[in-house]
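Notes for the one structure printed next.
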Amino acid sequence: MALSGCNRGNWPEGMAPIRWDRDTCIRCRMAISDRRFAAQMRGGEKNTVFKFDDLGCLLFWIKEEGEKYPWMVSPETRLWVADYTSRSREDMIWLDPRQGHYVQRTSPMGYNFAAISTPQADAVTFEEMRRQTLAKGR
C-alpha cells in the first residue's frame with residue numbers, strides 16, 4: 001500500500017504502468033522520464049510489452065526488430081503514445097499513435113515529434129511523422 005503512489009496514472013486497459021524515472025526504453029536504454037513523449041507497445045502470443053522514451057524509438061524498434069517480433073506489425077498489436085498536452089503524470093491521455101496528429105517539439109531522443117489528439121494547423125499525420133522520423137536514420 002505504501003508504494004501504491006509510485007505507479008499512479010490513468011492507464012488504458014491493456015497498458016502496463018510506466019514506472020517514471022525507473023523504466024527504461026527498450027531501444028536506447030534511457031530512463032523514461034519525460035511523460036510527454038512516452039510510448040508503449042503490447043502484443044504477440046506472450047502479450048509482450050515494450051516501453052519507449054520517445055515515439056521515434058518505437059518506430060525504429062519496429063523497423064529494426066520486425067523479423068524477430070513479426071507480431072509488431074499486426075493490426076492487433078496495441079500501441080500507445082502520450083498526448084503532449086496531458087496536464088500531469090496522474091492525468092495522462094494516451095492515444096493510439098496511428099490515430100494521432102503530430103507537432104514538432106524537442107523530444108528526448110531528438111526525433112522531435114509530439115502526439116496531440118486534436119489537429120492543429122502545423123500538425124502532420126502519423127504516416128508523415130513516421131516517414132520523416134525514419135528518414136533521420138538513427
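Bear in mind these aren't lab numbers, they're just calculated from the coordinates by the rules spelled out. Since the structure is predicted, the reported quantities are computational estimates derived from the model, not experimental observations. Counting neighbours? That spans all protein chains shown, and the Cβs are built from the backbone with ideal geometry, glycine included.
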Which ³J(HN,Hα) values, rounded to whole Hz and listed in residue order, are derived for the range 119-127 from phi using the Karplus coefficients 6.51, -1.76 and 1.60 in 6.51 cos²θ - 1.76 cosθ + 1.60 with θ = phi - 60°, glycine and proline given as x?
-> x, 10, 4, 9, 7, 10, 6, 4, 4
Only helices counted: for the chain, with every DSSP H run of 4 or more residues adding -39500 (n - 2.57) and the sum spread over all residues, [θ] at 222 nm is -4500 deg cm²/dmol
Residue 46 to residue 121: FRET efficiency via 1/(1 + (r/R0)^6), r the Cβ-Cβ distance, R0 30 Å, to the nearest 0.05?
-> 0.10
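Rounded to two decimals, what ratio of Rg to Rh does the chain give with C-alpha atoms and a Kirkwood Rh? Please report the intermediate quantities before stating the final value.
Values: Rg = 14.3 Å, Rh = 15.1 Å.
Expressed as Rg/Rh, it is 0.94.
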If the viscosity is 0.890 mPa s and the temperature 25 °C, what translational diffusion coefficient in µm²/s does Stokes-Einstein give for the range 91-138 when Rh comes from Kirkwood over Cα pairs?
-> 220 µm²/s
